[in-house]
Amino acid sequence: MSKVAVVESGSGPALVCLHGIGSSSASFRAQMEGLEGEMRVVAWDAPGYGASEDPEEGPSGMQSYVRAATELLEASGRSVYLLGVSWGGVIATLIAASRPELLEGLVLVSASRGSARSRESAEAMRARADELDRLGATDFASKRAPRLLSPRADVGLRQRVGAEMALSIRPAGYRAATDAMAATDTTGILGQIRVPTMVICGSDDEVTGMTESEALAASIPDATLVVVDGAGHLVNQEASRAVNAWVGAFVELREGLRRPPTGATS
């Protein structure tokens, strides 16, 4: 198993964060700064991203990321919440379905059901790795990053997202991730998830789109859907205050339900 780099901040219930396919732990800076007084925010660099080692040679697939993230969850303590953005949300969905005992709650942000739902979407996902090889990380990021934010996003955020993408992605890691996404469709397992779930998306998401978040919320039993008006795909960065407020309220509610009532005796 490749060595995985992790950054963390704060104390309290653990919020483990899995980034999107073009990002890294740096994409959760706003959650670390905004939620550190309420919980311990733990963000990984997925295998092949940021400071993590490249995936081991040979076939990997989505289950290799699930195994790596599961190890991180098992090391994060008892009261653990899992937040996945986009590709990270697909990994988080698979963990919630297969290892529900590890989680107190699940937050899916701008997530999807995977790219294997159609031949066209699978081919488009695989083609991204070829484009990265052709353009290089800097030009690839300059071309792709603007789509991840709404037209309302400020210039500083746009520049930061592009710069962080260029620093985070590498050909080997990105190709392994796109191949995994292209082979994944979680549609059939969503109804099996019994972990309390919140689905968050931006109304102006042009990457996965609101339709994917609506499908996730409709298929996962008792899931809550939150739409942040005016935000794009990277809603956790573009509308961080709103997302942090929703995540904080979700964790506070779940933790409150886990605590015995005042005055209760065993």
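Between the alpha-carbon centers of the range 32-101 and the range 110-166, tell me the distance in whole angstrom.
20 Å
In debye, nearest 20, what is the charge dipole magnitude of the chain about its Cα centre with +1 on Lys and Arg Cβ and -1 on Asp and Glu Cβ, if you could check?
140 debye
Just add up the charged neighbours of SER9: K/R +1, D/E -1, any other residue whose Cβ is under 14 Å from the Cβ of SER9.
-2
Counting only complete DSSP H runs, which helices of the chain cover 15 Å or more along their long axis at the Cα atoms and score a mean Kyte-Doolittle of 0.0 or above? Present the calculation step by step, with values, prior to reporting the outcome.
Values: long enough: 62-74 (18 Å, -0.04); 87-98 (17 Å, 1.60); 119-135 (24 Å, -1.15); 155-168 (20 Å, 0.28); 171-182 (16 Å, -0.09); 209-219 (16 Å, 0.13); 240-258 (27 Å, 0.10).
Membrane-span-like by this rule: 87-98, 155-168, 209-219, 240-258.
Mind ordering 60-71, 89-100 by average Cβ neighbours within 10 Å, highest first?
Descending mean neighbour count gives 89-100, 60-71.
If the only charges are +1 at each Lys and Arg Cβ and -1 at each Asp and Glu Cβ, what is the size of the charge dipole of the range 118-204 around the Cα centre, to the nearest 20 debye?
Details: 13 positive and 11 negative charges, 33 e Å.
It comes to approximately 160 debye.
The chain: D in µm²/s via Stokes-Einstein (Kirkwood Rh, Cα pairs, 10 °C, 1.306 mPa s)?
Roughly 87 µm²/s, to the nearest whole number.
Based only on the alpha carbon positions, what is the Kirkwood hydrodynamic radius of the range 126-179, in angstrom? Can you show the working numbers first?
Details: mean 1/r = 0.0873 Å⁻¹.
Averaging 1/r across every pair of different Cα atoms and inverting gives 11.4 Å.
VAL155: accessible area at probe 1.4 Å, nearest 10 Å²?
The value for VAL155 is about 100 Å².
Within the chain, what whole-number % of the accessible surface is contributed by carbon and sulfur, with the 1.4 Å probe and all protein chains included in the calculation?
Carbon-and-sulfur percentage of accessible area, whole number: 50.
Using only the alpha carbons, work out the radius of gyration and Dmax of the range 180-257 in angstrom.
For the range 180-257, the Cα-based Rg and Dmax read 13.4, 39 Å.
How much accessible area per residue does the chain have, in Å², with a 1.4 Å probe?
On the way: 11730 Å² over 266 residues.
Ligands and nucleic acids excluded, the figure is 44 Å² per residue.
Sort 8-16, 184-192 for me by packing, meaning the mean count of neighbouring Cβ atoms within 10 Å per residue, highest on top. If you can, show how the numbers build up before the last one.
Numbers: 8-16: 20.3, 184-192: 16.6.
Ranked from most to least packed, the peptides come out as 8-16, 184-192.
The values are calculated or read from the model by the stated rules, or taken from the named source; none is laboratory data. Just so it is clear, the model here is predicted, and its values are computed rather than measured. Positions of Cβ are backbone-derived with ideal geometry, glycine not excepted, and every protein chain shown enters the neighbour counts. Heavy atoms of the whole protein, side chains included, go into the accessibility calculation; ligands, DNA and RNA do not. Shrake-Rupley method; radii C 1.70, N 1.55, O 1.52, S 1.80 Å.
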